[in-house]
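The structure appears right after this line, and notes come after that.
Each value in this text was obtained by applying a stated rule to the coordinates, not by laboratory testing. Because the structure is a prediction, the values reported are computed rather than measured. Note that we place each Cβ from the backbone using ideal geometry, even for glycine, and neighbour counts take in every protein chain shown.
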Amino acid sequence: MTELAKKRPEFRNINALTDLPTYRLPAAGIVSILHRISGAIMFVLLPLIVWMFDTSVSSEISFAKFKSAFTVGIGFVPGIIVKLAALALIWAYLHHMIAGLRHLYMDMCHAVSKEFGKSSAVVTLVLSLGLTAALGAKLFGLY
């Protein structure tokens, strides 16, 4: 028999330093990775969240101390770093919530298609970054 043998696919190991920077991740993949990162940020900064809540509701004096943390700072940490940490928390919460709602919608409505995945990922990125920019402007006193 002289059948043409089907060429088998060749697999090779990838080099993370040279191959990964050239790989273009789709928008849905970026949202998925950022969803995990935002969850990790919220988990790691949980002590800051608890401190912020406790300080803001304990008394008027502790609330004034809390407000001064954003201008003067906390110990050796300047106020701008506290604001940036709060901004990271704002982004993490917004992105995690919007991406989570996206996943819930896709699960409930069986909306699993390449087109919907891409468009909903772009909407997730735009909404989370836009809302973060608006709240960040308020945090930094732009309005």
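Here are a few things to note about the model shown:
- Cut-off under 5 Å, modelled amide H: who pairs with GLY73 long-range: GLY79
- Using the rule -39500 (n - 2.57) for each DSSP H run of four or more residues, divided by the residues of the chain, the 222 nm mean residue ellipticity is -24000 deg cm²/dmol.
- Think of the range 58-143 as having a plus end and a minus end, set by charges on the Cβ of Lys, Arg, Asp and Glu; of HIS103, ILE80, SER58, ILE80 sits farthest toward the positive end of this dipole.
- Under 17 Å, Cα to Cα: Lys pairs in the chain, sequence gap 8 or more or different chains: 4
- Long-range tail of P(r) for the range 26-139 (Cα pairs > 26 Å, %): 31 percent
- Under the convention that each Lys and Arg Cβ holds +1 and each Asp and Glu Cβ holds -1, the size of the dipole of the range 26-139 around its Cα centre is about 200 debye.
- The order of PHE76, PHE53, going from fewest to most other C-beta atoms within 10 Å of their C-beta, is PHE76, PHE53.
- Fewest-first ranking of LYS138, LYS83, using other Cβ atoms within 10 Å as the exposure measure: LYS138, LYS83
- With Cα atoms, 0 to 90° folded angle of helix 79-109 axis to the chain main axis: 40 degrees
- Cα gyration tensor shape of the range 72-115, rounded if a/c is under 1.5, else prolate or oblate by comparing a/b with b/c: prolate
- Taking other C-beta atoms within 10 Å as the exposure proxy, ILE74, ILE37, ILE61 rank ILE61, ILE37, ILE74 from fewest upward.
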